[in-house]
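Scroll down for the structure; my scribbles are underneath it.
The values are calculated or read from the model by the stated rules, or taken from the named source; none is laboratory data. Here the structure is a predicted model, which is why all the values come from computation and not from measurement. FYI the Cβ positions are ideal-geometry reconstructions off the backbone, even for glycines, and counts take in every protein chain you see.
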Amino acid sequence: MAQHKTLCTARPALVKQIVCAEEGNVTVIQGRVMPSPRENRVVQTGGGTCACPLCQLHLDIKHTDVLILSQFLRSDGCLLPRRVSGVCRLQQRRVQQLVAMAQKAGLMPNLAPSSSKRDPRRRFGYKKFNKYYDESTIRDVQPFSSAMSAR
Amino acid sequence: MSSMQRAKQWATFARIWHIYDAKWQNPFDSSKTIAKYLKGQHKPIYHPLSDCGDHVVVINCRDIALPGPEWYQRVFFHHTGYPKGGATWTLAWELHEKNPTKIMERAVHRAVGGTLLRKGLMARLHLFPDEHVSEDLLRHVTSQIPQLRVQPRRLDSYSEEEVRDFPKVFDYPADHVIR
């Protein structure tokens, strides 16, 4: 399935942020329109068979590459859906497992829900100790197209 | 023997103190390297009976790392010697909570081999759970054994500018709500 990308040459896309503030008895919920924080930092990728940016970049991402993996997360540690990040199904599965490894290893404690213990050392039992993972255990999931054609 | 040759003799046969930082290292892989230094196999003058081994000080034993599920899958066996319930199987994380140096000690104990020299070699191993080592031991240390695994960096150890300026793989679509 082809990824529908918005081709916009007019001006860069604007993102929104919802800000909730309480002043006395009045609650103000404001939707701020602002330029994307990633405006001039996006890597220019060359073409390829896959429209997904990770396939085009051909990077061997490890679970310790938190600067890359954190780009796919919301502020509470949830993964962004494919329609937002633009990656293909294979890469989304791979990123999902790498993010799970990084979160279990306690490498991204600031991207967590507000009710969680931010410090990995405050976790219970075996979870407080250091863990590392082997990326070669991630088995690549076959994309839909080849699975359908095999039948 | 000239004074130069005497200095060379001392330098060859002196017992050296090495230090190893076990932070984020697998204890079982590190123990193979540590055992090599304890036996003296890194020296060209090595012989098992010539007592050419060195001392190794291991710090940050509390911060060792095991792969994925090994913390609750690896089990350490102990038997008190008494019958009826003398055998206990302790999970790795339970043992590490009780005594943070025990896993490293057990790993080196196995890596060093089952020979009669083992007790002497283990006596030259000094394990510490954190970086606090007494000055009496530290003043002998002259060498460092390099770490086997790269220490990962946590996301909060990077500054905000570094995270912001890092190249991004994709940009948010139009009208996306950042949460």
For region B:52-81, the count of residues that are crowded, with 18+ Cβ neighbours inside 10 Å, within 14 Å of chain A (Cβ to nearest Cβ) and among the aliphatic types (A, V, I, L, M) equals 3
For region A:122-133, the count of residues that are surrounded by 13 or more Cβ atoms within 10 Å (Cβ to Cβ) and either modelled with pLDDT of 95 or more or within 10 Å of chain B (Cβ to nearest Cβ) (or both) equals 8
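For the condition within 14 Å of chain A (Cβ to nearest Cβ), crowded, with 16+ Cβ neighbours inside 10 Å, over 24 Å from residue B:73 (Cα atoms) and of a type in the set (Asp, Glu), what is the one hit in B:171, B:175, B:130? Reasoning before the result, please.
Details: B:175 fails: crowded, with 16+ Cβ neighbours inside 10 Å; B:130 fails: crowded, with 16+ Cβ neighbours inside 10 Å.
After applying the criteria, what remains is B:171.
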Taking region A:13-34 and the residues there that are within 14 Å of chain B (Cβ to nearest Cβ) and charged (D, E, K, R), the one that is surrounded by the most Cβ atoms within 10 Å (Cβ to Cβ) would be A:16
By residue number, the members of region B:29-43 that are surrounded by fewer than 17 Cβ atoms within 10 Å (Cβ to Cβ) and outside any loop (DSSP other than H, G, I, E, B) are B:29, B:32
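For region B:123-161, give me the residue count where each residue is of a type in the set (D, E, K, R), within 20 Å of residue A:74 (Cβ to Cβ) and not in a loop (DSSP other than H, G, I, E, B).
Initial filter on region B:123-161 (of a type in the set (D, E, K, R)): B:124, B:130-131, B:135-136, B:139, B:149, B:153-154, B:156, B:160-161.
Narrowing further to those that are within 20 Å of residue A:74 (Cβ to Cβ): B:154, B:156, B:160.
Filter again for not in a loop (DSSP other than H, G, I, E, B), leaving B:156, B:160.
The total comes to 2.
I'm trying to understand the selection: among the residues of region B:55-95, which are part of a helix (DSSP H, G or I), more than 18 Å from residue B:149 (Cβ to Cβ) and of a type outside the set (Phe, Trp, Tyr)? Give the derivation first.
Quick first cut of region B:55-95, residues part of a helix (DSSP H, G or I) only: B:61-63, B:70-73, B:92-95.
If we keep only those that are more than 18 Å from residue B:149 (Cβ to Cβ) too, we end up with B:72-73, B:93-95.
Those that are part of a helix (DSSP H, G or I), more than 18 Å from residue B:149 (Cβ to Cβ) and of a type outside the set (Phe, Trp, Tyr): B:73, B:94, B:95.
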Quiz prompt | Residue check for residue A:58: modelled with pLDDT under 90 and on the phi > 0 side of the Ramachandran plot | solution = yes
Residues of region B:145-168 being away from chain A (no Cβ under 14 Å) and surrounded by 11 or more Cβ atoms within 10 Å (Cβ to Cβ), in sequence order, are B:145
- prompt: Is it true that residue A:99 is at pLDDT 95 or above and either aliphatic (A, V, I, L, M) or touching a Cys at 6+ places or on another chain (Cβ under 7 Å) (or both)?
  reply: yes
Notebook entry, point to check: Does region B:85-98 contain any residue that is out of contact with any Asp or Glu (no Cβ under 7 Å at 6 or more places or on another chain), of a type in the set (A, V, I, L, M, F, W, C), surrounded by fewer than 12 Cβ atoms within 10 Å (Cβ to Cβ) and facing another protein chain (nearest Cβ under 9 Å)?
Noted result: no
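So which of A:145, A:85 ends up being within 13 Å of the chain's Cα centre (by Cα) and modelled with pLDDT under 95? It would help to see each step written out before you state the result.
On the way: A:145 fails: within 13 Å of the chain's Cα centre (by Cα).
Matching residue, one of A:145, A:85: A:85.
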Assess whether residue A:111 counts as being more than 30 Å from residue B:94 (Cα to Cα), touching a helix residue (DSSP H, G or I) at 6+ places or on another chain (Cβ under 8 Å) and either within 11 Å of another protein chain (Cβ to nearest Cβ) or at pLDDT 95 or above (or both). no
Discussion item. Here is a check on your reading of the model: is residue B:49 among the aliphatic types (A, V, I, L, M) and within 14 Å of chain A (Cβ to nearest Cβ)?
Written reply: no
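Provide a single number: the residues in region B:3-28 that are among the small types (Gly, Ala, Ser) and assigned to a strand (DSSP E or B).
Start the filter on region B:3-28 by keeping residues that are among the small types (Gly, Ala, Ser), which leaves B:3, B:7, B:11, B:14, B:22.
This time we only want the ones that are assigned to a strand (DSSP E or B), so: none.
Residues in region B:3-28 being among the small types (Gly, Ala, Ser) and assigned to a strand (DSSP E or B): 0 in total.
Going by the conditions given, is residue A:89 more than 9 Å from every other protein chain (Cβ to nearest Cβ) and either over 26 Å from residue B:149 (Cβ atoms) or surrounded by 16 or more Cβ atoms within 10 Å (Cβ to Cβ) (or both)?
Details: more than 9 Å from every other protein chain (Cβ to nearest Cβ): yes; either over 26 Å from residue B:149 (Cβ atoms) or surrounded by 16 or more Cβ atoms within 10 Å (Cβ to Cβ) (or both): yes.
The answer is yes for residue A:89.
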